[in-house]
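Here the structure comes first, spelled out in C-alpha coordinates, and everything after it is commentary.
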Amino acid sequence: MDEKDILWGLTDSNTMEEVREKAFALIGKIRFMPAATVNEGRPENRILDFNRLSDGNLYFMTSRGKPTYEQLCKRPQLVMNTLIDERYSLRLSAWVSETTDQAVWDEFFKLNPGTKEMYRKNFDIVALYRIDRGEGEIFHLYANERIRRLRFAFGGEEIRPMTYRITEECVGCGICQENCVERAIHQKDDGKYYIKEMDCDDCGICYTKCPQADTALICRLKEQGET
(Lines give C-alpha, C1' and ligand atoms only; values in the text may rest on other atoms or scores of the structure.)
Protein backbone atom coordinates (compact mmCIF):
# COMPACT_ATOMS: atom_id res chain seq x y z
CA MET A 1 0.00 0.00 0.00
CA ASP A 2 1.32 3.44 -0.90
CA GLU A 3 1.75 5.94 1.91
CA LYS A 4 -0.65 8.29 0.12
CA ASP A 5 -3.44 5.69 0.37
CA ILE A 6 -3.18 5.22 4.14
CA LEU A 7 -6.10 6.81 6.01
CA TRP A 8 -7.56 7.84 2.64
CA GLY A 9 -4.73 10.30 2.15
CA LEU A 10 -5.35 12.15 5.41
CA THR A 11 -2.39 13.18 7.56
CA ASP A 12 -1.86 15.16 10.74
CA SER A 13 -1.65 18.28 8.56
CA ASN A 14 -5.37 18.00 7.82
CA THR A 15 -7.78 19.95 9.98
CA MET A 16 -9.87 18.20 12.59
CA GLU A 17 -12.96 19.13 10.59
CA GLU A 18 -11.56 17.33 7.54
CA VAL A 19 -10.91 14.20 9.60
CA ARG A 20 -14.39 14.37 11.13
CA GLU A 21 -15.92 14.81 7.68
CA LYS A 22 -14.22 11.65 6.47
CA ALA A 23 -15.35 9.73 9.55
CA PHE A 24 -18.96 10.88 9.13
CA ALA A 25 -18.88 10.01 5.42
CA LEU A 26 -17.64 6.51 6.27
CA ILE A 27 -20.34 5.99 8.89
CA GLY A 28 -22.98 7.20 6.45
CA LYS A 29 -21.73 4.70 3.89
CA ILE A 30 -21.43 1.79 6.33
CA ARG A 31 -24.74 2.62 8.05
CA PHE A 32 -25.11 -0.48 10.21
CA MET A 33 -22.69 -0.30 13.14
CA PRO A 34 -22.41 -1.80 16.63
CA ALA A 35 -23.28 0.82 19.24
CA ALA A 36 -23.06 0.53 23.02
CA THR A 37 -25.09 2.31 25.67
CA VAL A 38 -24.93 2.11 29.47
CA ASN A 39 -27.43 0.11 31.51
CA GLU A 40 -27.05 0.44 35.27
CA GLY A 41 -23.30 0.84 34.89
CA ARG A 42 -22.94 -2.05 32.42
CA PRO A 43 -22.37 -1.67 28.67
CA GLU A 44 -24.99 -3.04 26.30
CA ASN A 45 -24.39 -3.40 22.58
CA ARG A 46 -26.62 -3.64 19.52
CA ILE A 47 -26.57 -2.77 15.81
CA LEU A 48 -28.00 0.62 14.86
CA ASP A 49 -28.64 2.06 11.41
CA PHE A 50 -26.93 5.45 11.03
CA ASN A 51 -28.11 7.71 8.22
CA ARG A 52 -26.26 10.81 7.11
CA LEU A 53 -28.77 13.37 5.92
CA SER A 54 -28.41 16.43 3.72
CA ASP A 55 -27.55 18.68 6.69
CA GLY A 56 -24.36 16.63 7.19
CA ASN A 57 -25.45 15.17 10.52
CA LEU A 58 -25.82 11.51 11.48
CA TYR A 59 -29.19 10.20 12.65
CA PHE A 60 -30.57 6.93 13.95
CA MET A 61 -33.91 5.77 15.33
CA THR A 62 -35.17 3.40 17.96
CA SER A 63 -38.49 2.48 19.54
CA ARG A 64 -39.58 4.11 22.77
CA GLY A 65 -40.55 0.62 23.87
CA LYS A 66 -36.98 -0.70 23.67
CA PRO A 67 -34.31 -0.74 26.39
CA THR A 68 -32.12 1.37 24.06
CA TYR A 69 -34.52 4.29 24.41
CA GLU A 70 -34.70 4.00 28.20
CA GLN A 71 -30.92 3.90 28.44
CA LEU A 72 -30.50 6.92 26.17
CA CYS A 73 -32.97 8.87 28.30
CA LYS A 74 -30.76 8.25 31.33
CA ARG A 75 -27.44 8.75 29.54
CA PRO A 76 -27.68 9.98 25.92
CA GLN A 77 -24.31 8.62 24.84
CA LEU A 78 -23.21 6.03 22.29
CA VAL A 79 -19.84 4.34 21.81
CA MET A 80 -19.32 2.88 18.33
CA ASN A 81 -16.51 0.88 16.79
CA THR A 82 -16.31 -1.02 13.53
CA LEU A 83 -13.83 -2.62 11.15
CA ILE A 84 -13.51 -1.28 7.59
CA ASP A 85 -11.80 -3.06 4.72
CA GLU A 86 -9.92 -5.52 6.95
CA ARG A 87 -7.21 -3.18 8.24
CA TYR A 88 -9.10 -0.01 9.07
CA SER A 89 -11.15 0.74 12.15
CA LEU A 90 -13.34 3.67 13.13
CA ARG A 91 -14.19 4.57 16.72
CA LEU A 92 -16.67 7.19 17.90
CA SER A 93 -17.87 8.21 21.36
CA ALA A 94 -20.78 10.61 20.96
CA TRP A 95 -23.56 12.41 22.78
CA VAL A 96 -26.95 12.40 21.10
CA SER A 97 -30.25 14.24 21.32
CA GLU A 98 -33.77 13.41 20.26
CA THR A 99 -35.09 15.52 17.38
CA THR A 100 -38.63 16.49 16.45
CA ASP A 101 -37.68 18.50 13.35
CA GLN A 102 -40.28 17.51 10.75
CA ALA A 103 -37.97 18.12 7.80
CA VAL A 104 -35.44 15.72 9.33
CA TRP A 105 -38.14 13.11 9.96
CA ASP A 106 -39.39 13.39 6.38
CA GLU A 107 -35.90 12.97 4.90
CA PHE A 108 -34.95 10.14 7.26
CA PHE A 109 -38.02 8.03 6.58
CA LYS A 110 -37.94 8.75 2.87
CA LEU A 111 -34.63 6.87 3.00
CA ASN A 112 -36.13 4.21 5.27
CA PRO A 113 -39.64 3.43 4.00
CA GLY A 114 -39.44 -0.14 5.29
CA THR A 115 -38.84 1.07 8.84
CA LYS A 116 -41.77 3.45 8.58
CA GLU A 117 -43.95 0.59 7.37
CA MET A 118 -42.79 -1.61 10.25
CA TYR A 119 -44.08 0.95 12.78
CA ARG A 120 -47.28 1.81 10.91
CA LYS A 121 -49.52 0.56 13.75
CA ASN A 122 -48.16 3.22 16.10
CA PHE A 123 -45.63 5.58 14.52
CA ASP A 124 -45.64 7.71 17.68
CA ILE A 125 -43.48 5.08 19.35
CA VAL A 126 -40.55 6.01 17.11
CA ALA A 127 -37.74 8.18 18.52
CA LEU A 128 -35.25 9.82 16.15
CA TYR A 129 -31.82 10.89 17.38
CA ARG A 130 -29.05 13.14 16.08
CA ILE A 131 -25.36 12.79 16.94
CA ASP A 132 -24.46 16.20 18.40
CA ARG A 133 -20.96 16.09 19.81
CA GLY A 134 -18.19 13.65 20.51
CA GLU A 135 -14.69 12.44 19.77
CA GLY A 136 -13.29 9.59 17.74
CA GLU A 137 -10.51 8.11 15.70
CA ILE A 138 -9.76 6.52 12.35
CA PHE A 139 -7.03 3.91 12.54
CA HIS A 140 -5.01 1.76 10.15
CA LEU A 141 -3.08 -1.35 11.14
CA TYR A 142 -0.82 -2.46 9.42
CA ALA A 143 0.72 -0.50 6.53
CA ASN A 144 4.38 -0.93 5.68
CA GLU A 145 4.85 -2.37 9.19
CA ARG A 146 3.57 0.84 10.75
CA ILE A 147 0.27 2.00 12.17
CA ARG A 148 -1.50 5.27 11.38
CA ARG A 149 -4.15 7.02 13.44
CA LEU A 150 -5.94 10.33 13.47
CA ARG A 151 -8.14 11.51 16.31
CA PHE A 152 -10.83 14.16 16.03
CA ALA A 153 -13.53 15.90 18.04
CA PHE A 154 -16.61 17.97 17.23
CA GLY A 155 -19.45 19.87 18.84
CA GLY A 156 -17.25 21.36 21.54
CA GLU A 157 -15.73 18.10 22.78
CA GLU A 158 -11.97 17.59 23.10
CA ILE A 159 -9.79 15.01 21.40
CA ARG A 160 -9.01 12.03 23.60
CA PRO A 161 -5.36 12.52 24.62
CA MET A 162 -2.75 9.87 23.96
CA THR A 163 -1.65 7.85 26.98
CA TYR A 164 2.03 8.78 26.86
CA ARG A 165 3.80 12.09 26.33
CA ILE A 166 7.34 13.37 26.60
CA THR A 167 7.79 16.46 28.76
CA GLU A 168 10.31 19.28 28.85
CA GLU A 169 12.17 17.24 31.49
CA CYS A 170 13.48 15.05 28.64
CA VAL A 171 17.29 14.77 28.85
CA GLY A 172 17.73 13.71 25.21
CA CYS A 173 19.18 10.25 25.89
CA GLY A 174 17.28 8.72 22.96
CA ILE A 175 16.37 5.46 24.72
CA CYS A 176 12.68 5.98 23.99
CA GLN A 177 13.40 6.40 20.28
CA GLU A 178 15.61 3.30 20.21
CA ASN A 179 12.78 1.20 21.65
CA CYS A 180 9.89 2.59 19.58
CA VAL A 181 9.03 -0.08 17.01
CA GLU A 182 6.65 2.29 15.21
CA ARG A 183 9.34 4.95 14.66
CA ALA A 184 6.96 7.49 16.17
CA ILE A 185 9.51 9.25 18.38
CA HIS A 186 11.59 12.05 16.87
CA GLN A 187 14.27 14.44 18.07
CA LYS A 188 13.72 18.18 18.14
CA ASP A 189 16.30 20.86 17.36
CA ASP A 190 16.97 21.32 21.06
CA GLY A 191 17.89 17.64 21.48
CA LYS A 192 14.74 16.66 23.34
CA TYR A 193 12.31 14.11 21.90
CA TYR A 194 8.62 14.13 21.06
CA ILE A 195 5.99 11.57 20.03
CA LYS A 196 4.33 11.96 16.65
CA GLU A 197 0.82 10.90 17.60
CA MET A 198 -0.25 9.85 14.11
CA ASP A 199 2.39 7.08 14.15
CA CYS A 200 2.08 6.08 17.81
CA ASP A 201 0.56 2.75 18.86
CA ASP A 202 0.09 4.10 22.41
CA CYS A 203 1.60 0.82 23.65
CA GLY A 204 3.78 2.17 26.47
CA ILE A 205 7.09 0.47 25.59
CA CYS A 206 8.83 3.87 25.58
CA TYR A 207 7.52 4.51 29.09
CA THR A 208 8.85 1.20 30.40
CA LYS A 209 12.29 1.91 28.93
CA CYS A 210 12.67 5.58 29.84
CA PRO A 211 15.20 6.05 32.69
CA GLN A 212 13.30 9.21 33.66
CA ALA A 213 9.80 7.72 33.58
CA ASP A 214 7.18 9.81 35.41
CA THR A 215 9.20 12.98 34.90
CA ALA A 216 10.54 13.03 31.33
CA LEU A 217 7.96 10.59 29.98
CA ILE A 218 4.49 10.69 31.51
CA CYS A 219 1.73 8.07 31.61
CA ARG A 220 -1.62 9.88 31.60
CA LEU A 221 -3.42 6.93 33.23
CA LYS A 222 -0.99 6.91 36.12
CA GLU A 223 -1.38 10.67 36.52
CA GLN A 224 -5.14 10.23 36.74
CA GLY A 225 -4.95 7.19 39.02
CA GLU A 226 -6.45 4.85 36.41
CA THR A 227 -3.71 2.20 36.52
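The values are calculated or read from the model by the stated rules, or taken from the named source; none is laboratory data. Bear in mind the structure is a predicted one, so any value in this text is a computation, not a measurement. Note: ideal-geometry Cβ built from the backbone for every residue, glycine included; neighbour counts use all protein chains shown. SASA here: full protein model, heavy atoms, side chains in, ligands and nucleic acids out. Shrake-Rupley method; radii C 1.70, N 1.55, O 1.52, S 1.80 Å.
Region 40-88 has equivalent-ellipsoid semi-axes of 22, 17, 10 Å, by the square roots of 5 times the alpha carbon gyration tensor eigenvalues, sorted largest first. Have a look at Leu58, Leu111, Leu92 and tell me which one the Gaussian network model of the chain (Cα, springs below 10 Å) gives the largest fluctuation. Comparing Leu58, Leu111, Leu92 in the GNM, the peak value goes to Leu111. Around the amide H of Leu53, modelled in the peptide plane, lie the amide H atoms of Tyr59, all under 5 Å away and 5 or more residues distant in sequence or on another chain.
Relative contact order, whole percent, for the chain stands at 16, derived from Cα pairs under 8 Å and 6 or more residues apart.
Treating only the Cβ of Lys, Arg, Asp and Glu as charged (+1, +1, -1, -1), what charge dipole size does region 112-227 show about its Cα centre? Round to the nearest 20 debye.
Roughly 520 debye for region 112-227.
Using the Cβ-Cβ distance between Ile125 and Lys29 with R0 set to 25 Å, the FRET efficiency from 1/(1 + (r/R0)^6) comes to roughly 0.30. Taking Arg151, Arg160, Arg42 as the candidate residues, the one with maximal mean-square fluctuation in a Gaussian network model of the chain, Cα springs under 10 Å, is Arg42. Simple point charges give the picture: +1 on the Cβ of Lys and Arg, -1 on the Cβ of Asp and Glu, and for region 1-138 a dipole about the Cα centre of about 680 debye. Can you tell me which of Asp189, Asp124, Asp49 moves the most in a GNM of the chain? Springs connect C-alpha atoms under 10 Å apart. Per the Cα network of the chain with a 10 Å cutoff, Asp189 tops the list. Other residues with beta-carbon under 9 Å from the beta-carbon of Ala94 carry, at +1 per Lys or Arg and -1 per Asp or Glu, a net charge of -2. Percent of C-alpha pairs per 10 Å bin in the chain, short distances first: 7, 27, 29, 20, 11, 5, 1, 0. Computed from point charges on the beta carbon alone (+1 for Lys and Arg, -1 for Asp and Glu), the dipole magnitude for region 21-72 about its Cα centre is near 160 Debye. Two numbers describe the Cα atoms of region 123-227: Rg and Dmax, which are 17.8, 66 Å. Short to long, the 5 Å bins of the Cα pair-distance histogram for region 1-132 hold 2, 9, 19, 21, 19, 14, 8, 5, 3, 1, 0 percent of all pairs. Taking Cβ separations below 4.7 Å as the criterion for a possible disulfide partner, the isolated cysteines in the chain are Cys73, Cys170, Cys173, Cys180, Cys200, Cys203, Cys210, Cys219. Between Tyr142 and Ile84, the distance separating the two model label sites (each 7 Å from Cα on the Cα→Cβ line) works out to 2.2 nm. Computed extension length for Asn179-Arg133: 12.9 nm, one decimal, from 0.36 nm per residue of separation with the Cα-Cα distance subtracted. Available extension along the chain between Asn39 and Thr215 is 59.5 nm, counting 0.36 nm per residue and deducting the alpha carbon span. Helix-only arithmetic for the chain: the sum of -39500 (n - 2.57) across DSSP H runs with n ≥ 4, divided by the residue total, places the mean residue ellipticity at 222 nm at -6000 deg cm²/dmol. Using a probe of 1.4 Å, the accessible surface attributed to His186 totals some 60 Å² when neighbouring protein chains are kept in position.
For Thr62, the solvent-accessible surface with a 1.4 Å probe is about 10 Å², rounded to the nearest 10. Here Arg165 and Gln187 are evaluated by their C-beta separation; at R0 = 25 Å the FRET efficiency comes out at 0.95.
Rounded to the nearest 10 square angstrom, Lys188 shows an accessible area of 70 square angstrom against a 1.4 Å probe.
Could you compute the net charge surrounding Thr115? Neighbours are other residues with a C-beta less than 14 Å from the C-beta of Thr115; K and R count +1, D and E count -1.
Result for the local shell: +2.
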